[in-house]
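First the structure, in the form of structure tokens, and then the observations on it.
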Amino acid sequence: MSQSSDPRVADKAPNLIEAKPVPRPGVWVWAAIVIFLALGLVSSLIENKNFRWDVVAQYLFDPRVVAGVGWTLLLTVAAMLLGIVLAVATAIMRMGTNPILRGVSWAYIWFFRGTPVYTQLVFWGLLAVLYPRISVGIPFGPEFFSLSTKDIVNAMVAAILGLGLNEGAYLSEIVRSGLNSVDKGQWEAATALGMKRSTVLRRIIIPQAMRVIVPPTGNETISMLKTTSLVLAVPFMLELTFVTNAIGNKNFLPVPLLIVAAMWYLFITSVLMVGQHRLETYYGRGFDGELSQPRKVKGISKRQQAILSAGTVNTATNLDVTP
């Protein structure tokens with residue numbers, strides 16, 4: 001008689017394995033330590049009257065501070081746009097076959113990465129002193145026309161140029177590494193189909209390279225937001241850090257105004273981080289295999305999760321076992 005025909009086996013319900021998570025007391029210990037330290041920090045911030053939270057609340061949405069936030073965002077966006085354009089251009093030049101363009105690209109990156117951004121901003125602020133007039137003509141020859149430098153390069157333009165040119169040198173290496181991450185077979189296949197180099201870059205290479213380019217570019221954008229505080233060297237006196245420092249020095253309350261600036265920077269940075277995460281998710285589709293992986297199961301180790309992710313075992317934690 002077979003096992004399945006045995007009435008004793010047929011009447012007996014299958015046993016279920018009740019998987020229980022492995023106890024991890026270290027997690028609770030560290031949670032208690034972190035909570036204790038966090039409560040101590042919050043207590044010190046609330047009970048310490050020197051922070052002057054009433055002054056922080058008074059100036060957090062002050063029109064001058066809000067305007068400074070707007071100018072800071074404008075500087076960040078404009079400098080990053082200029083930097084991205086220069087980065088893409090110089091990265092393509094370095095990857096090209098023209099030795100002259102490769103040399104120009106290398107010299108640009110070498111100079112702007114090799115000098116501090118504060119020093120560059122000081123020189124941009126002194127541009128009108130070094131070159132009172134900007135002229136167009138033949139070198140060592142006749143001059144066609146000239147304009148006053150102050151009329152063209154004001155403090156705002158100088159700040160954007162200083163930040164954007166410096167950022168372009170750093171982003172150039174990021175873009176170049178992203179382009180190099182795409183398999184060479186993509187170039188060869190597209191070229192074999194008769195596509196132009198510009199079309200291959202625009203439609204095939206750059207979209208695939210964005211997966212590598214976006215994360216460090218997002219980090220550079222967040223860094224640029226804070227680097228705008230250095231435009232005092234130009235000098236540009238409308239951005240957030242300068243405005244809060246000016247108000248704090250005037251009222252002899254520098255700490256509360258520094259807290260105001262820090263809170264605005266943290267808020268903007270948080271928004272940028274969310275946007276960066278969404279961009280990374282969008283350009284990472286088809287690479288990370290997120291859609292093919294099973295849902296993470298709580299209470300199991302990373303090794304067990306990796307086994308489930310391989311798709312070679314049943315994803316259910318309760319397995320039917322027949323005698």
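Name the shape class, rounded, prolate or oblate, that the alpha-carbon gyration tensor gives for the range 12-106, where a ≥ b ≥ c are the square roots of its eigenvalues, rounded holds for a/c under 1.5, and otherwise prolate holds if a/b is larger than b/c and oblate otherwise.
oblate
Calculate, in whole percent, how much of the Cα-Cα pair population of the range 172-265 lies beyond 16 Å.
On the way: 2929 of 4371 pairs.
That tail contains 67 percent of the Cα-Cα pairs.
In the range 98-195, which chymotrypsin sites (Phe, Trp or Tyr not before Pro) are in a loop and have at most 11 other Cβ atoms within 10 Å, using DSSP for the loop call?
Values: sites: TRP106, TYR108, TRP110, PHE111, PHE112, TYR118, PHE123, TRP124, PHE140, PHE144, PHE145, TYR170, TRP187; in loops: PHE140.
Taking the range 98-195 and a limit of 11 other Cβ atoms within 10 Å, the loop chymotrypsin sites (Phe, Trp or Tyr not before Pro) found are PHE140.
What nm value, rounded to one decimal, do you get for the distance between ILE33 and SER146 when each label is placed 7 Å out toward the C-beta?
6.9 nm
Against the 2.2 N^0.38 Å scaling, with N counting residues, where does the range 108-187 land? I'd like the Cα-based Rg ratio to two decimal places.
Here the answer is 1.52, to two decimals.
What is the range 60-170 by shape, rounded, prolate or oblate, if you read a ≥ b ≥ c off the alpha carbon gyration tensor as root eigenvalues and call it rounded for a/c under 1.5, prolate for a/b larger than b/c, and oblate otherwise?
It is oblate, given that a/c is not under 1.5 and a/b is not larger than b/c.
Coordinate-derived values only; no laboratory data. Computed from a predicted model, the values in this text were never measured in an experiment. All Cβ positions, even for glycine, are placed from backbone atoms using ideal geometry, and neighbour counts span all protein chains on display.
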